[in-house]
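Down below is the structure, laid out as structure tokens.
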Amino acid sequence: MSPVFPFRLCFLLFDGYSNMVLASAIEPLRAANNLSGKAQFSWRLVTMDAAPAVSSSGLSLLPDGTLAKIDDFDALVVVAGYRVREYANRRVLGAIRRATRGVTLLAGHDTGAWILAEAGLLDGYQATLHWMEQTSFQEEFPQVEMMPRLYVQDGNRVTTGTAEGTMAFSLDLISQRGGEALSLDVRNMFDDVMRGDMVEPAETRPGTFAGPLGRAVLLMHQNMENPLSIPQVARQSAMSQRTLERMFQHLLGTSAGDYYRNLRLARAQFLASTGALRLAEIAIRTGFSSAATLARAFQRQYGMSLGEARKLTNRPKAPSQGGRTGRDVMAPPIFRPEV
């Protein structure tokens with residue numbers, strides 16, 4: 001049976017969403033329409049209350065309306081980023097459950113899977129989301145099988161964790177709806193973004209480096225709670241410690257130890273920004289011997305306490321998503337990779 005055109009998508013945006021993720025979802029669809037000469041896809045952007053959605057970088061996007069007022073769509077796509085726990089309230093979850101009735105596809109981008117899981121819409125499914133939230137997600141939703149991949153499609157549920165994974169899914173959706181040739185043409189338009197390696201699983205590519213340095217960075221990402229020694233990192237990356245240090249200095253301008261420590265501090269700052277964990281728990285999850293040790297290291301690195309960083313991240317923002325007040329946009333955390 002031939003697909004019906006256009007395939008209609010409704011993107012539900014929450015403050016703190018990533019512009020990169022949203023663009024990676026929509027731009028390939030736009031390109032497919034242009035290259036094919038017909039409306040393969042259509043989309044609308046909505047919020048819960050029709051107020052502008054404020055991205056992680058502070059840009060405001062005027063939506064097409066509210067989720068409650070738009071019901072003629074085939075796919076509901078939830079796009080969330082920072083502070084996702086705030087938005088998983090009874091009102092939002094109820095509205096999403098109602099909106100999913102009869103949809104062909106239900107998707108969550110970046111941390112959108114968290115909201116879908118809170119709504120009970122991922123129970124028994126495989127899913128993924130932004131890698132910084134995967135451990136917390138597994139603890140919070142044991143009924144959902146976490147898969148560290150670029151994107152996961154399980155039945156009519158699709159979840160992605162990064163801009164790269166989102167683009168990979170959009171290209172596959174184009175292939176399903178418009179054919180492999182069209183998908184390839186669109187892919188070639190974004191070749192500078194994709195670098196031809198989108199098929200690699202996310203767990204093997206947390207950074208942009210390949211070879212021994214890439215393996216070393218991967219090991220650091222995988223071992224934050226129980227950090228490896230630098231000699232262990234070198235040995236498991238199949239090189240000498242001297243070679244490892246030389247590569248870090250040459251390519252990253254820092255020592256391997258400093259890079260590893262800063263990675264853990266960035267993780268600590270992100271965990272603090274969620275407001276879900278006490279300082280002692282954050283210290284455990286980032287491999288510091290105590291909350292005091294973490295606090296001293298963070299103060300030295302960033303010139304502020306973790307508490308001050310949390311307040312900066314949680315500044316009031318423009319009213320959106322259900323009656324929050326304040327005119328200042330949310331300041332993004334110190335570090336959180338988008339791709």
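The values are calculated or read from the model by the stated rules, or taken from the named source; none is laboratory data. Owing to the predicted nature of the structure, the values given are computational and were not obtained by experimental measurement. Heads up, the Cβs are rebuilt from the backbone with ideal geometry, glycines too, and the neighbour counts pull from every protein chain shown. Ligands, DNA and RNA are stripped out before the accessible areas are found, and what is left, the full protein with its side chains, is counted by its heavy atoms. Shrake-Rupley method; radii C 1.70, N 1.55, O 1.52, S 1.80 Å.
Could you tell me the calculated FRET efficiency between residue 23 and residue 292, based on Cβ-Cβ distance and R0 = 30 angstrom, to the nearest 0.05? List each step's numbers first, then the result.
Working: r = 42 Å, r/R0 = 1.40.
My answer for the efficiency is 0.10.
Quick one: with all protein chains in place, what share of the accessible area of region 1-158 is carbon or sulfur, to the nearest percent (1.4 Å probe)? Walk me through the numbers on the way to the answer.
Details: 3080 of 6310 Å².
Answer for region 1-158: carbon and sulfur cover 49 percent of the accessible area.
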inquiry  = So for each of 170-176, 224-230, 111-117, 279-285 I average, over its residues, the number of other beta carbons within 10 Å; can you give me the resulting order with the highest mean first?
reply    = 111-117, 170-176, 279-285, 224-230
ask   = Which order do peptides 292-302, 43-53, 121-131 fall in by mean Cβ count within 10 Å, highest first?
value = 121-131, 43-53, 292-302
note = Given backbone amide H placed at 1.01 Å from N, residues whose amide H is under 5 Å from that of residue 65, ignoring those fewer than 5 places away on the same chain, are 47
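Using the heavy atoms of the protein chains alone and a 1.4 angstrom probe, what is the accessible area of region 1-155 per residue in square angstrom?
On the way: 6220 Å² over 155 residues.
On a per-residue basis, region 1-155 sits at 40 Å².
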note = The rounded separation in angstrom of the Cα centers of region 230-284 and region 118-193 is 27 Å
message = I'd like to check one number: the per residue accessible area of region 234-305, probe 1.4 Å, reported in Å² as a whole number.
response = 49 Å²
5 angstrom amide H check on residue 42, placed H, neighbours 5+ away = 7, 8, 9
